[in-house]
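Visitor: Mind having a look at this structure? Questions to follow.
The values are calculated or read from the model by the stated rules, or taken from the named source; none is laboratory data. In this text the structure is predicted, and so the values were computed from the model without any measurement. Cβ sites come from the backbone with ideal geometry, for glycine too, and all protein chains shown count toward neighbours.
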Amino acid sequence: MIDTIKIYSEIDRNIYDKIKFNSIMKNSINNNTGELLYEIINDHLEGSYDSRLSVRVGCGSKYHFVDKGYFIEIEGSYHKIICGYNSHNGYCDLEFIAFNLIQMVELSYNIKLPNFSSWFLQRCDIAICYDLQNQEHVKSYINSLSRCKYPRRNIKFFYDESLYFSGTTTTLKIYNKLLEFKKHDIKKFISTQFNLINYTKEISGFIRFECEIKKKMLVKLYSQKHIKVLDVKYEDLKRIWSDEFMKLLNIIEKDLNIVRGREEVKERLNNLFKPTKASRLYNFYCALQLNGEIDVKENTPRCTYYRNINELKNAKIDFSQSYKVEEIELFYFNPFEAKEVA
(Lines give C-alpha, C1' and ligand atoms only; values in the text may rest on other atoms or scores of the structure.)
Protein backbone atom coordinates (compact mmCIF):
# COMPACT_ATOMS: atom_id res chain seq x y z
CA MET A 1 0.00 0.00 0.00
CA ILE A 2 0.98 3.65 -0.41
CA ASP A 3 1.41 5.59 2.81
CA THR A 4 2.98 9.07 2.97
CA ILE A 5 3.51 10.95 -0.28
CA LYS A 6 4.96 14.35 -1.09
CA ILE A 7 3.81 16.10 -4.25
CA TYR A 8 4.52 19.57 -5.62
CA SER A 9 3.48 21.98 -8.36
CA GLU A 10 4.06 25.53 -9.57
CA ILE A 11 1.68 28.25 -8.36
CA ASP A 12 1.26 31.96 -8.96
CA ARG A 13 1.61 34.86 -6.51
CA ASN A 14 -2.12 34.99 -5.78
CA ILE A 15 -2.29 31.40 -4.49
CA TYR A 16 1.04 31.82 -2.71
CA ASP A 17 -0.29 34.85 -0.78
CA LYS A 18 -3.56 33.13 0.18
CA ILE A 19 -1.69 30.20 1.71
CA LYS A 20 1.09 32.33 3.17
CA PHE A 21 -1.23 34.58 5.16
CA ASN A 22 -3.06 31.58 6.61
CA SER A 23 0.06 29.66 7.62
CA ILE A 24 2.91 29.64 10.07
CA MET A 25 5.88 31.62 8.77
CA LYS A 26 9.44 31.19 10.06
CA ASN A 27 12.43 33.14 8.76
CA SER A 28 16.02 33.93 9.53
CA ILE A 29 17.51 37.40 9.04
CA ASN A 30 21.13 38.57 9.19
CA ASN A 31 20.95 41.32 11.80
CA ASN A 32 24.05 43.06 10.43
CA THR A 33 22.82 43.41 6.85
CA GLY A 34 19.08 42.86 7.18
CA GLU A 35 19.37 40.13 4.54
CA LEU A 36 16.69 37.43 4.59
CA LEU A 37 18.59 34.15 4.82
CA TYR A 38 15.63 31.80 4.50
CA GLU A 39 11.87 31.67 4.92
CA ILE A 40 9.65 28.68 5.68
CA ILE A 41 5.91 28.96 5.20
CA ASN A 42 4.13 25.86 6.43
CA ASP A 43 0.69 24.83 7.64
CA HIS A 44 -0.92 21.62 8.88
CA LEU A 45 -4.46 20.69 8.03
CA GLU A 46 -6.12 18.54 10.67
CA GLY A 47 -7.58 15.19 9.63
CA SER A 48 -9.21 12.41 11.58
CA TYR A 49 -7.70 11.55 14.96
CA ASP A 50 -5.20 14.44 14.74
CA SER A 51 -3.57 13.09 11.57
CA ARG A 52 -1.99 15.98 9.68
CA LEU A 53 -1.46 17.12 6.13
CA SER A 54 1.49 19.45 5.58
CA VAL A 55 1.18 22.33 3.12
CA ARG A 56 4.22 24.40 2.25
CA VAL A 57 4.78 27.22 -0.24
CA GLY A 58 7.92 29.06 -1.28
CA CYS A 59 10.10 30.51 -4.00
CA GLY A 60 9.95 28.52 -7.22
CA SER A 61 13.73 28.47 -7.57
CA LYS A 62 13.78 25.38 -5.33
CA TYR A 63 12.33 23.40 -8.21
CA HIS A 64 13.66 25.69 -10.95
CA PHE A 65 10.18 27.07 -11.61
CA VAL A 66 10.60 30.36 -13.47
CA ASP A 67 7.19 30.86 -15.10
CA LYS A 68 4.88 31.68 -12.19
CA GLY A 69 7.70 31.87 -9.66
CA TYR A 70 6.35 29.92 -6.65
CA PHE A 71 5.83 26.31 -5.56
CA ILE A 72 3.44 24.40 -3.33
CA GLU A 73 4.24 21.12 -1.57
CA ILE A 74 1.64 18.80 -0.07
CA GLU A 75 2.82 15.99 2.17
CA GLY A 76 0.90 13.45 4.22
CA SER A 77 -0.71 10.04 4.49
CA TYR A 78 -4.21 10.01 3.00
CA HIS A 79 -4.85 6.64 4.62
CA LYS A 80 -3.94 7.99 8.06
CA ILE A 81 -6.02 11.14 7.56
CA ILE A 82 -9.09 9.10 6.61
CA CYS A 83 -8.72 6.13 8.96
CA GLY A 84 -6.46 7.42 11.71
CA TYR A 85 -4.12 4.45 11.29
CA ASN A 86 -1.93 3.09 8.50
CA SER A 87 -1.40 -0.59 9.28
CA HIS A 88 -3.73 -2.10 6.67
CA ASN A 89 -6.82 -1.48 4.52
CA GLY A 90 -4.81 1.05 2.55
CA TYR A 91 -4.68 2.34 -1.03
CA CYS A 92 -2.41 1.50 -3.96
CA ASP A 93 -3.70 4.12 -6.41
CA LEU A 94 -1.33 7.10 -6.35
CA GLU A 95 -3.56 9.22 -8.58
CA PHE A 96 -6.54 8.70 -6.26
CA ILE A 97 -4.48 9.61 -3.19
CA ALA A 98 -2.88 12.71 -4.74
CA PHE A 99 -6.16 13.97 -6.19
CA ASN A 100 -7.90 13.77 -2.81
CA LEU A 101 -5.05 15.49 -0.95
CA ILE A 102 -5.12 18.34 -3.48
CA GLN A 103 -8.89 18.64 -3.03
CA MET A 104 -8.48 18.88 0.74
CA VAL A 105 -6.08 21.81 0.35
CA GLU A 106 -8.37 23.55 -2.16
CA LEU A 107 -11.34 23.29 0.19
CA SER A 108 -9.34 24.38 3.23
CA TYR A 109 -7.98 27.55 1.64
CA ASN A 110 -10.84 28.16 -0.80
CA ILE A 111 -8.45 28.21 -3.74
CA LYS A 112 -8.08 26.53 -7.13
CA LEU A 113 -4.78 24.69 -7.49
CA PRO A 114 -3.05 23.76 -10.77
CA ASN A 115 -4.47 21.11 -13.09
CA PHE A 116 -3.75 17.56 -11.94
CA SER A 117 -1.45 16.98 -14.92
CA SER A 118 0.90 19.63 -13.51
CA TRP A 119 1.64 17.83 -10.24
CA PHE A 120 4.90 16.01 -9.58
CA LEU A 121 6.05 13.36 -7.13
CA GLN A 122 8.86 14.13 -4.68
CA ARG A 123 8.55 11.19 -2.29
CA CYS A 124 6.44 8.07 -1.87
CA ASP A 125 6.36 5.50 0.94
CA ILE A 126 5.43 1.91 0.12
CA ALA A 127 4.52 0.00 3.29
CA ILE A 128 3.40 -3.58 3.72
CA CYS A 129 2.31 -5.25 6.95
CA TYR A 130 2.46 -8.98 7.62
CA ASP A 131 0.83 -10.94 10.42
CA LEU A 132 3.32 -13.04 12.40
CA GLN A 133 0.50 -14.11 14.78
CA ASN A 134 1.99 -12.78 18.04
CA GLN A 135 4.40 -10.25 19.52
CA GLU A 136 7.04 -12.80 20.42
CA HIS A 137 7.45 -13.73 16.77
CA VAL A 138 7.76 -10.06 15.78
CA LYS A 139 10.35 -9.34 18.46
CA SER A 140 12.33 -12.48 17.67
CA TYR A 141 12.47 -11.68 13.97
CA ILE A 142 13.45 -8.02 14.46
CA ASN A 143 16.16 -8.94 16.96
CA SER A 144 17.50 -11.62 14.61
CA LEU A 145 18.23 -8.87 12.06
CA SER A 146 20.22 -6.76 14.53
CA ARG A 147 23.46 -7.42 12.62
CA CYS A 148 21.93 -7.03 9.18
CA LYS A 149 23.88 -4.53 7.07
CA TYR A 150 23.32 -2.45 3.95
CA PRO A 151 26.34 -0.83 2.26
CA ARG A 152 26.67 2.94 2.72
CA ARG A 153 23.61 3.20 4.95
CA ASN A 154 23.18 4.72 8.39
CA ILE A 155 21.73 1.94 10.51
CA LYS A 156 19.71 2.19 13.73
CA PHE A 157 18.50 -0.82 15.70
CA PHE A 158 16.06 -0.71 18.62
CA TYR A 159 15.69 -3.95 20.52
CA ASP A 160 12.25 -5.58 20.04
CA GLU A 161 11.07 -2.51 18.13
CA SER A 162 12.64 -1.60 14.81
CA LEU A 163 15.49 -1.27 12.33
CA TYR A 164 16.15 1.81 10.18
CA PHE A 165 18.45 1.94 7.16
CA SER A 166 18.60 5.52 5.89
CA GLY A 167 20.11 6.44 2.53
CA THR A 168 20.03 9.08 -0.19
CA THR A 169 17.77 7.13 -2.57
CA THR A 170 15.62 5.15 -0.14
CA THR A 171 15.13 4.62 3.57
CA LEU A 172 14.13 1.16 4.74
CA LYS A 173 12.24 0.50 7.95
CA ILE A 174 11.23 -2.77 9.58
CA TYR A 175 9.26 -2.34 12.76
CA ASN A 176 6.91 -3.76 15.33
CA LYS A 177 3.63 -2.12 14.37
CA LEU A 178 1.97 -2.48 17.77
CA LEU A 179 4.88 -0.90 19.66
CA GLU A 180 5.16 1.86 17.04
CA PHE A 181 1.42 2.60 17.33
CA LYS A 182 1.56 2.76 21.13
CA LYS A 183 4.59 5.04 21.02
CA HIS A 184 3.41 7.54 18.40
CA ASP A 185 -0.34 7.33 17.77
CA ILE A 186 -2.32 5.89 20.67
CA LYS A 187 -2.73 9.27 22.39
CA LYS A 188 -4.60 10.59 19.35
CA PHE A 189 -7.42 8.12 19.96
CA ILE A 190 -8.07 8.97 23.59
CA SER A 191 -11.58 10.42 24.09
CA THR A 192 -12.70 9.21 20.63
CA GLN A 193 -15.10 6.48 19.56
CA PHE A 194 -12.27 4.45 18.06
CA ASN A 195 -12.15 0.93 19.51
CA LEU A 196 -8.58 0.85 20.77
CA ILE A 197 -8.93 -2.54 22.46
CA ASN A 198 -10.00 -4.30 19.27
CA TYR A 199 -7.46 -2.49 17.10
CA THR A 200 -4.43 -3.15 19.31
CA LYS A 201 -5.51 -6.77 19.58
CA GLU A 202 -5.78 -6.96 15.77
CA ILE A 203 -2.31 -5.54 15.08
CA SER A 204 -0.57 -7.53 17.81
CA GLY A 205 1.77 -9.65 15.71
CA PHE A 206 1.95 -7.21 12.77
CA ILE A 207 5.35 -6.40 11.33
CA ARG A 208 5.73 -3.55 8.83
CA PHE A 209 8.21 -3.30 5.97
CA GLU A 210 8.38 0.29 4.73
CA CYS A 211 10.44 1.75 1.90
CA GLU A 212 10.60 5.53 1.62
CA ILE A 213 11.34 6.19 -2.06
CA LYS A 214 13.08 9.53 -2.49
CA LYS A 215 13.39 11.92 -5.41
CA LYS A 216 16.84 10.67 -6.36
CA MET A 217 15.52 7.14 -6.88
CA LEU A 218 12.47 8.39 -8.80
CA VAL A 219 14.68 10.41 -11.15
CA LYS A 220 16.84 7.33 -11.73
CA LEU A 221 13.76 5.19 -12.41
CA TYR A 222 11.94 7.52 -14.80
CA SER A 223 14.88 9.50 -16.22
CA GLN A 224 13.00 12.75 -15.65
CA LYS A 225 13.85 15.80 -13.55
CA HIS A 226 10.19 16.30 -12.62
CA ILE A 227 8.20 13.07 -12.35
CA LYS A 228 4.51 13.61 -13.09
CA VAL A 229 2.10 11.88 -10.74
CA LEU A 230 0.19 10.65 -13.79
CA ASP A 231 3.28 8.84 -15.08
CA VAL A 232 4.01 6.88 -11.92
CA LYS A 233 2.87 3.25 -11.74
CA TYR A 234 2.38 1.37 -8.48
CA GLU A 235 4.09 -1.67 -10.02
CA ASP A 236 7.28 0.39 -10.43
CA LEU A 237 7.17 1.56 -6.81
CA LYS A 238 6.48 -1.96 -5.54
CA ARG A 239 9.43 -3.25 -7.58
CA ILE A 240 11.72 -0.74 -5.83
CA TRP A 241 10.34 -1.95 -2.48
CA SER A 242 11.09 -5.55 -3.45
CA ASP A 243 14.57 -4.84 -4.81
CA GLU A 244 15.61 -2.82 -1.77
CA PHE A 245 14.46 -5.38 0.78
CA MET A 246 15.95 -8.24 -1.22
CA LYS A 247 19.31 -6.48 -1.09
CA LEU A 248 18.94 -5.96 2.63
CA LEU A 249 17.87 -9.50 3.46
CA ASN A 250 20.22 -11.20 0.99
CA ILE A 251 17.30 -12.91 -0.69
CA ILE A 252 17.50 -14.00 -4.31
CA GLU A 253 14.29 -13.44 -6.24
CA LYS A 254 14.64 -16.33 -8.67
CA ASP A 255 15.12 -18.85 -5.87
CA LEU A 256 13.11 -17.96 -2.80
CA ASN A 257 13.28 -21.46 -1.34
CA ILE A 258 16.85 -21.00 -0.20
CA VAL A 259 18.19 -22.93 2.77
CA ARG A 260 18.56 -21.50 6.24
CA GLY A 261 19.34 -22.94 9.63
CA ARG A 262 22.53 -24.72 10.57
CA GLU A 263 21.54 -28.28 9.74
CA GLU A 264 20.10 -27.38 6.32
CA VAL A 265 23.13 -25.24 5.51
CA LYS A 266 25.54 -27.98 6.56
CA GLU A 267 23.72 -30.53 4.40
CA ARG A 268 23.66 -28.18 1.39
CA LEU A 269 27.40 -27.46 1.64
CA ASN A 270 28.28 -31.14 2.02
CA ASN A 271 26.25 -31.92 -1.10
CA LEU A 272 27.92 -29.19 -3.16
CA PHE A 273 31.55 -29.27 -2.08
CA LYS A 274 34.34 -31.56 -0.96
CA PRO A 275 34.55 -32.11 2.84
CA THR A 276 37.37 -29.62 3.45
CA LYS A 277 35.71 -26.76 1.56
CA ALA A 278 32.27 -27.58 2.96
CA SER A 279 33.67 -27.46 6.50
CA ARG A 280 35.44 -24.14 5.83
CA LEU A 281 32.31 -22.49 4.44
CA TYR A 282 30.16 -23.90 7.25
CA ASN A 283 32.51 -22.45 9.88
CA PHE A 284 32.43 -19.12 8.02
CA TYR A 285 28.62 -19.24 7.95
CA CYS A 286 28.45 -19.94 11.71
CA ALA A 287 30.85 -17.06 12.39
CA LEU A 288 28.55 -14.71 10.45
CA GLN A 289 25.57 -15.81 12.52
CA LEU A 290 27.30 -15.56 15.89
CA ASN A 291 29.57 -12.54 15.42
CA GLY A 292 27.95 -10.55 12.62
CA GLU A 293 29.28 -9.46 9.24
CA ILE A 294 31.29 -6.48 10.53
CA ASP A 295 33.31 -8.56 13.00
CA VAL A 296 33.94 -11.35 10.48
CA LYS A 297 34.91 -8.87 7.77
CA GLU A 298 37.41 -7.14 10.06
CA ASN A 299 39.05 -10.43 11.02
CA THR A 300 39.13 -12.13 7.62
CA PRO A 301 41.43 -11.31 4.68
CA ARG A 302 39.48 -9.22 2.18
CA CYS A 303 39.74 -11.64 -0.75
CA THR A 304 38.82 -14.60 1.47
CA TYR A 305 35.83 -12.80 2.95
CA TYR A 306 34.29 -11.85 -0.40
CA ARG A 307 35.04 -15.24 -1.94
CA ASN A 308 33.24 -16.99 0.93
CA ILE A 309 30.30 -14.57 0.75
CA ASN A 310 29.88 -15.19 -2.98
CA GLU A 311 30.09 -18.95 -2.53
CA LEU A 312 27.38 -18.87 0.14
CA LYS A 313 25.17 -16.76 -2.13
CA ASN A 314 25.78 -19.06 -5.10
CA ALA A 315 24.87 -22.00 -2.88
CA LYS A 316 21.56 -20.21 -2.15
CA ILE A 317 22.23 -19.96 1.59
CA ASP A 318 20.42 -17.32 3.60
CA PHE A 319 22.78 -15.67 6.09
CA SER A 320 20.68 -12.54 6.70
CA GLN A 321 19.61 -13.47 10.23
CA SER A 322 21.98 -13.56 13.21
CA TYR A 323 21.80 -15.96 16.11
CA LYS A 324 22.39 -15.15 19.71
CA VAL A 325 24.38 -17.76 21.61
CA GLU A 326 21.68 -18.19 24.25
CA GLU A 327 18.88 -18.67 21.72
CA ILE A 328 17.69 -22.22 21.05
CA GLU A 329 15.39 -21.43 18.15
CA LEU A 330 15.18 -18.49 15.78
CA PHE A 331 11.88 -17.39 14.27
CA TYR A 332 12.20 -17.40 10.50
CA PHE A 333 10.18 -15.12 8.26
CA ASN A 334 10.47 -14.25 4.58
CA PRO A 335 8.28 -11.31 3.41
CA PHE A 336 8.44 -12.62 -0.17
CA GLU A 337 6.83 -15.91 0.82
CA ALA A 338 4.13 -14.33 3.01
CA LYS A 339 0.81 -12.69 2.25
CA GLU A 340 0.25 -8.99 2.91
CA VAL A 341 -2.38 -8.10 5.50
CA ALA A 342 -5.44 -6.97 3.56
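Visitor: Tell me, yes or no, whether the stretch 138-148 has at least one residue that is loosely packed, with under 13 Cβ neighbours inside 10 Å and either assigned by TED's automatic domain parsing to the domain that holds residue 246 or in contact with a Lys or Arg (Cβ under 9 Å, 6 or more places away or on another chain) (or both).
Guide: no
Visitor: Continuing with this model, one more query. I need a count of the residues in the stretch 292-309 that are assigned to a helix (DSSP H, G or I) and without any contact (Cβ under 8 Å) to a residue 12 or more places away in the chain.
Guide: Residues in the stretch 292-309 being assigned to a helix (DSSP H, G or I) and without any contact (Cβ under 8 Å) to a residue 12 or more places away in the chain: 10 in total.
Visitor: Which one of 156, 149, 139 is touching a residue at least 60 places away in the same chain (Cβ under 8 Å) and among the charged types (D, E, K, R)?
Guide: 149
Visitor: Taking the stretch 108-124 as the region of interest, how many residues are under 17 Å from residue 232 (Cβ atoms) and outside any loop (DSSP other than H, G, I, E, B)?
Guide: Within the stretch 108-124, residues that are under 17 Å from residue 232 (Cβ atoms) and outside any loop (DSSP other than H, G, I, E, B) number 8.
Visitor: Please tell me if residue 78 is surrounded by fewer than 19 Cβ atoms within 10 Å (Cβ to Cβ) and modelled with pLDDT under 95.
Guide: No: the conditions fail for residue 78.
Visitor: Then there is this: Please identify the pairs in which a residue from the stretch 96-109 that is free of Cβ contacts under 8 Å to residues at least 24 places away in the same chain has its Cβ atom under 7 Å from the Cβ atom of a residue that is in a helix (DSSP H, G or I), counting only partners at least 6 apart or on another chain.
Guide: Listed by first residue and then by second, the contacts come to 99/116; 100/78.
Visitor: Another question, if that's okay. Quick one: residue 87 ticks every box in (1) in contact with a Phe, Trp or Tyr (Cβ under 7 Å, 6 or more places away or on another chain); (2) modelled with pLDDT of 95 or more; (3) small (Gly, Ala, Ser) bar one, so which box is it?
Guide: Condition not satisfied by residue 87: (2).
Visitor: While we're looking at this one, here's another question. Considering only the stretch 298-316, state which residues are surrounded by fewer than 16 Cβ atoms within 10 Å (Cβ to Cβ), at pLDDT 90 or above and of a type outside the set (Phe, Trp, Tyr).
Guide: 298, 299, 301, 302, 303, 304, 307 - these are the residues of the stretch 298-316 that are surrounded by fewer than 16 Cβ atoms within 10 Å (Cβ to Cβ), at pLDDT 90 or above and of a type outside the set (Phe, Trp, Tyr).
Visitor: Could we say that residue 28 is assigned to a strand (DSSP E or B), modelled with pLDDT of 95 or more and of a type in the set (Ser, Thr, Tyr) here?
Guide: The answer is no for residue 28.
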